[in-house]
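Quick notes on the structure that follows.
The values are calculated or read from the model by the stated rules, or taken from the named source; none is laboratory data. This one's a predicted model, so the numbers in the text were calculated from it and none came from an experiment. Reconstructed Cβ throughout: ideal geometry from the backbone, glycine too, with neighbour counts over all protein chains shown. Just so you know, the surface numbers come from the protein's heavy atoms only, side chains and all, with ligands and any DNA or RNA stripped out. Shrake-Rupley method; radii C 1.70, N 1.55, O 1.52, S 1.80 Å.
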There are 2 protein chains.
Amino acid sequence: MEQLRETLKGHHLRTTTCREDVLSTFINRKNALSHGDLEGALGENYDRVTIYRTLKTFLEKGIIHKVLDDEGLRYALCSHQCSEEKHHHDHIHFKCNACGKTNCLENLRIPNVALPSGYVPESFNLLIQGTCPECLAN
Amino acid sequence: MEQLRETLKGHHLRTTTCREDVLSTFINRKNALSHGDLEGALGENYDRVTIYRTLKTFLEKGIIHKVLDDEGLRYALCSHQCSEEKHHHDHIHFKCNACGKTNCLENLRIPNVALPSGYVPESFNLLIQGTCPECLAN
DNA sequence: GTATTATCTGCAACGATGTTGCAGAATATT
DNA sequence: AATATTCTGCAACATCGTTGCAGATAATAC
């Protein structure tokens, strides 16, 4: 509760109930969420547009980042502290084909790739699909 | 021309002018294309819906595969021979932030990633963003 | 070459997704 | 408590993607 406010203040955002609720939804569910997921969870309390704008704001402020899989666009919390100025961009995301959930594997580094000459890389984004530990156990 | 027909026949598809045109657009432009790109190129000749269905069919038959970047969904030719039964899934895509084009780096392998225990990977998809050789030269 | 069958295409309508402008509401500041 | 700032909800719109159906086209059989 109090922590949510801290996060918002730390990114120079006013604390509103919508922002608190969106943020806590990201924290409670641990996987990446689409706009639709959030609308499903909070849609009765807030307007679709407000949720879109909240996501956009969180993106710009570096609170969340985009996650892409074969189904489309989702968002996940940035655990490395990102800010408006400096985004930490390299991510590995794992999507489970059984439960459909996608999450961010925080502590892994993407190994170096030997690109053909002339290609100058700036950011890397690796999506691995397979089976997650929870689904493997069942 | 003749080659297009061969490709279509090889995937058990009827040769229609729309399919030939979509396929040759993929071959001529070498980068990944969105539905909008194809609509821009062929939209005066074919209905939007037909282009959507052509893409869907090509996907199912393993002629093209999805390419995702931060802007959305595109498609690129499968150069490794994919079929309806067996798709070759591991890809490295490079998106140039200068010209905006995305293409598939065919001959690279994605290096192994040491996943936490319990994660069973099936396919890998790496998106690298940066500057491409053409834009670097200019 | 013509008839038959299977498939593809265009049209219309619809649903989902995402954006913009603006007035009123809520927050932070004094 | 008053003010300035910024958020939110509403309405309207633009884009993207899907479905049903009738007519057109391609492959097959004759």
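Data for the structure
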{"item": "Close pairs (9 angstrom Cβ cut-off, 6 or more residues apart or separate chains): without any contact (Cβ under 8 Å) to a residue 60 or more places away in the chain and on the phi < 0 side of the Ramachandran plot in the stretch B:2-19, more than 13 Å from DNA strand C (Cβ to nearest atom) and basic (Lys, Arg) anywhere", "result": "B:Thr15/B:Arg5"}
{"item": "Test set (1) in contact with a strand residue (DSSP E or B) (Cβ under 9 Å, 6 or more places away or on another chain); (2) farther than 30 Å from A:Glu134 by Cβ - A:Glu71 fails condition number", "result": "(2)"}
{"item": "Among (1) more than 7 Å from chain A (Cβ to nearest Cβ); (2) within 22 Å of A:Thr102 (Cα to Cα); (3) at pLDDT 80 or above, the one test that B:Gly100 misses", "result": "(2)"}
{"item": "Enumeration of residues in the stretch A:103-138 that are modelled with pLDDT of 90 or more, part of a loop (DSSP other than H, G, I, E, B) and either closer than 19 Å to B:Ser117 by Cα or in contact with a Leu (Cβ under 9 Å, 6 or more places away or on another chain) (or both)", "result": "A:Leu115, A:Pro116, A:Gly118, A:Tyr119, A:Cys132"}
{"item": "Residue selected from the stretch A:18-55 under the condition of a type in the set (D, E, K, R) and within 9 Å of DNA strand C (Cβ to nearest atom), by the criterion surrounded by the most Cβ atoms within 10 Å (Cβ to Cβ)", "result": "A:Glu39"}
{"item": "All positions within the stretch B:1-17 that are assigned to a helix (DSSP H, G or I) and either surrounded by 14 or more Cβ atoms within 10 Å (Cβ to Cβ) or more than 11 Å from DNA strand C (Cβ to nearest atom) (or both)", "result": "B:Glu2, B:Gln3, B:Leu4, B:Arg5, B:Glu6, B:Thr7, B:Leu8, B:Lys9, B:Gly10"}
{"item": "Some residue of the stretch B:74-93 being without any contact (Cβ under 8 Å) to a residue 40 or more places away in the chain, more than 12 Å from chain A (Cβ to nearest Cβ), open to solvent by 20 Å² or more (accessible area, probe 1.4 Å) and in a helix (DSSP H, G or I)", "result": "no"}
{"item": "Qualifying residue in the stretch A:56-74 (condition: at pLDDT 95 or above and near DNA strand C (Cβ under 8 Å from one of its atoms))", "result": "yes"}
